[in-house]
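S.K.: One structure, as structure tokens, below. Some questions next.
The values are calculated or read from the model by the stated rules, or taken from the named source; none is laboratory data. Quantities reported herein were computed from a predicted structural model and do not represent experimental measurements. Cβ placement follows ideal geometry from the backbone for every residue including glycine, while neighbour counts extend to all protein chains displayed.
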Amino acid sequence: MEIANLIQQKNNQPLVIILTGPSGVGKDAALNELKKLDRQWHFVVTTTTRSIRFNEIDGKDYMFVSPEEFQKTLEQNGFLEYAQVYDKWYGVPKNQVTEPISKGKDVILKVDVQGAATIKSLIPSAISIFMIPGSMSDLEHRLTSRMTESENQLNLRLEVAKTELEQINNFEYYIINSEDNLDGAVEQIDKIITVEKARLNRPPFTIH
């Protein structure tokens, strides 16, 4: 048997990669750059009840639904994980993870810090990557430039971010997304996935 075939048989499990971090750290920007790479990845599209922003596309950035539609999916057990964040509901559709995995595709999903911890408990083999800002002033600048939050909302997000950053040791990897170095952060994510793909005896994908 050729060595390459032997390795493939030993290490053919697809990955679930969780990308998380405080609001405004640049998760969406990183995902947009990752999508430009020539990789066989499936990017999960999260469902939300929040309003669409001016630069977003329904079905690509998020699936924007009414609270009633969200509740219906919830009652049908259609979410892998869901949570209320800043008075809006967010959910990870279960089939957005299970179907690509069944086809052998690696799955990348972006969730808030609370959701990442939940998914990691449900899928122990998932790889968690925690994005942090270069500084709190970097984070404040990103949130301010979005022009989507009032001053009170901005202050709340910054306070929540400080609490979330204290949870960094609960995750396997961290990357720093500095204000002027998004390319470097994306390169690190790509390298992490490459390393994990080369890991032998990786546990199989299961949902608890």
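S.K.: For the stretch 129-148, does any single residue satisfy the condition of being in a helix (DSSP H, G or I), closer than 25 Å to G91 by Cβ and not aliphatic (A, V, I, L, M)?
M.R.: Looking for residues that are in a helix (DSSP H, G or I), closer than 25 Å to G91 by Cβ and not aliphatic (A, V, I, L, M), one finds at least one in the stretch 129-148, hence yes.
S.K.: When the residues of the stretch 168-208 are narrowed to those that are surrounded by 14 or more Cβ atoms within 10 Å (Cβ to Cβ) and of a type in the set (G, A, S), which ends up nearest to H141 (Cα to Cα)?
M.R.: Filtering first and then ranking leaves S178.
S.K.: Same structure again: Within the stretch 32-45, track down each residue that is closer than 21 Å to T20 by Cα and either modelled with pLDDT under 95 or exposed (fewer than 13 other Cβ atoms within 10 Å of the Cβ) (or both). Before you say what the answer is, go through the steps one by one.
M.R.: Residues of the stretch 32-45 that are closer than 21 Å to T20 by Cα, as a first pass: 32-37, 39-45.
Hits for the stretch 32-45 are N32, K35, K36, L37, R39, Q40.
S.K.: A further question follows. Assuming S137 fulfils every condition listed in (1) in contact with a helix residue (DSSP H, G or I) (Cβ under 9 Å, 6 or more places away or on another chain); (2) at pLDDT below 95 apart from one, which condition is it?
M.R.: (1)
S.K.: Among the residues in the stretch 76-91, are any within 25 Å of Q188 (Cα to Cα), modelled with pLDDT of 95 or more and not in a helix (DSSP H, G or I)? Spell out the reasoning first.
M.R.: Filtering the stretch 76-91 for residues within 25 Å of Q188 (Cα to Cα) gives none.
Within the stretch 76-91, none of the residues are within 25 Å of Q188 (Cα to Cα), modelled with pLDDT of 95 or more and not in a helix (DSSP H, G or I).
S.K.: Right, next: When residues of the stretch 189-208 are filtered for being basic (K, R) and closer than 26 Å to F79 by Cα, how many remain? Quick ask: steps written out before the conclusion?
M.R.: Within the stretch 189-208, the first condition is being basic (K, R), and the residues that meet it are 191, 197, 199, 202.
Still in the running and closer than 26 Å to F79 by Cα: 202.
Number satisfying all stated conditions: 1.
S.K.: With the requirement that a residue be in contact with a Gly (Cβ under 8 Å, 6 or more places away or on another chain) and either assigned to a loop (DSSP other than H, G, I, E, B) or not polar (S, T, N, Q) (or both), what does the stretch 20-56 give you? Write out each step before concluding.
M.R.: Initial filter on the stretch 20-56 (in contact with a Gly (Cβ under 8 Å, 6 or more places away or on another chain)): 20, 27, 45-48.
Within the stretch 20-56, K27, V45, T46 meet the criteria.
S.K.: How many residues does the stretch 63-118 contain that are under 25 Å from Q40 (Cβ atoms) and among the acidic types (D, E)?
M.R.: Summing the residues that are under 25 Å from Q40 (Cβ atoms) and among the acidic types (D, E) in the stretch 63-118 gives 3.
S.K.: With respect to T20, determine if the residue is more than 22 Å from I123 (Cα to Cα) and touching a helix residue (DSSP H, G or I) at 6+ places or on another chain (Cβ under 6 Å). First the steps, then the outcome.
M.R.: Values: more than 22 Å from I123 (Cα to Cα): no; touching a helix residue (DSSP H, G or I) at 6+ places or on another chain (Cβ under 6 Å): yes.
Criteria not met by T20.
S.K.: Only one residue in D112, D106 is closer than 19 Å to I18 by Cα, within 16 Å of the chain's Cα centre (by Cα) and modelled with pLDDT under 95, so which one is that?
M.R.: D112
Okay, residues lined up against (1) surrounded by 17 or more Cβ atoms within 10 Å (Cβ to Cβ); (2) more than 18 Å from the chain's Cα centre (by Cα):
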residue: I119; (1), (2): yes, no
residue: S125; (1), (2): no, no
residue: M147; (1), (2): no, yes
residue: E151; (1), (2): no, yes
residue: L156; (1), (2): no, yes
residue: K162; (1), (2): no, yes
residue: E166; (1), (2): no, yes
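S.K.: Pairs only if they're at least six apart or on different chains, beta carbon under 8 angstrom, first in the stretch 136-150 and within 13 Å of V25 (Cβ to Cβ), second among the acidic types (D, E) and not in a helix (DSSP H, G or I); list them, first residue then second.
M.R.: From the stretch 136-150, the pairs are D138/E179; H141/E179; R142/E179; L143/E149.
S.K.: Answer yes or no: is there a residue in the stretch 74-89 that is buried (at least 22 other Cβ atoms within 10 Å of the Cβ) and farther than 14 Å from I207 by Cα.
M.R.: No, every residue in the stretch 74-89 fails to be buried (at least 22 other Cβ atoms within 10 Å of the Cβ) and farther than 14 Å from I207 by Cα.
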